[in-house]
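See structure below.
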Amino acid sequence: MITENLLLLWLAALPLMGSPGPATISLAATGSAFGIRPSLGYLCGIIAGTTGVLILTATGVATALLAHPVAGNILTLIAAAYILYLAWKIATAPVSPATSSRLNPESAENPENTAPDFRGGLMLAIANPKAFAAIGAVYASHHITLHSAWLNNALKLAALMLVIAVVNTIWLIFGASFSRLLSSPRAGRIINIIFAVMLIVSVGFAVL
């Protein structure tokens, strides 16, 4: 029964938590603009921040936080402001087909041309309204075992942490695949701009 319930939880969580949103689109965009290795810090920040949202949801803190209209609006504004900055950073990222990381000497000299770091990923994930909605829906609607509340919560936390790590890593790899396939700087610039626009659009869908 526990195994079946775990599978049902994963079947519900994977499409909901892995669907396009501010965090996942930003990972794909960062991977496309900067490559996998330079984006690992940002990935870890997204995973850590989303895990924090999961813990806040499990403890009931997220419900109390989002119930306060001012707190919810502040989170939305923080996420929107950072995503706009991140979209600009990705759209203007250096495009260099000679390296898989898409970095060049210009980016080493100019910090503005480097991939977003752990702190940026952490901030975006914690302020991401889609994360609270998706995790809250999955966490509240599924149970692994009814015999022990402690064990039920522990299993759900572990199962959803795994989903968080897997889906976000896949989005980063997906985005980075574009940087490896593109050989034209012009095409690379177009892809970066497309991802930047998608990132901005994802904010609108997340807050509606």
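Nothing in this text is a laboratory measurement; each read-out follows from the coordinates by a stated rule. This structure is a prediction, so every number in the text was calculated from the model and none was measured. Positions of Cβ are generated from backbone atoms using ideal geometry, with glycine treated the same way; all protein chains shown enter the neighbour counts.
Here are a few things to note about the model shown:
- 12 Å reach of a label modelled at residue 117, 7 Å along Cα-to-Cβ, counting backbone N of region 12-51: 41-42
- Net length available on complete extension from residue 149 to residue 73 is 24.1 nm, with 0.36 nm assigned per residue and the Cα-Cα distance removed.
- Peptide ranges 162-168, 42-48, 141-147 listed from the most packed, as the mean C-beta count within 10 angstrom indicates: 42-48, 162-168, 141-147
- Shown is the FRET efficiency for residue 140 and residue 10, computed with R0 = 25 Å from the Cβ-Cβ distance and rounded to the nearest 0.05: 0.95.
- Region 186-196 - phi-based ³J(HN,Hα) in whole Hz, Karplus 6.51/-1.76/1.60, Gly and Pro as x: 5, 5, x, 5, 4, 4, 4, 5, 4, 5, 4
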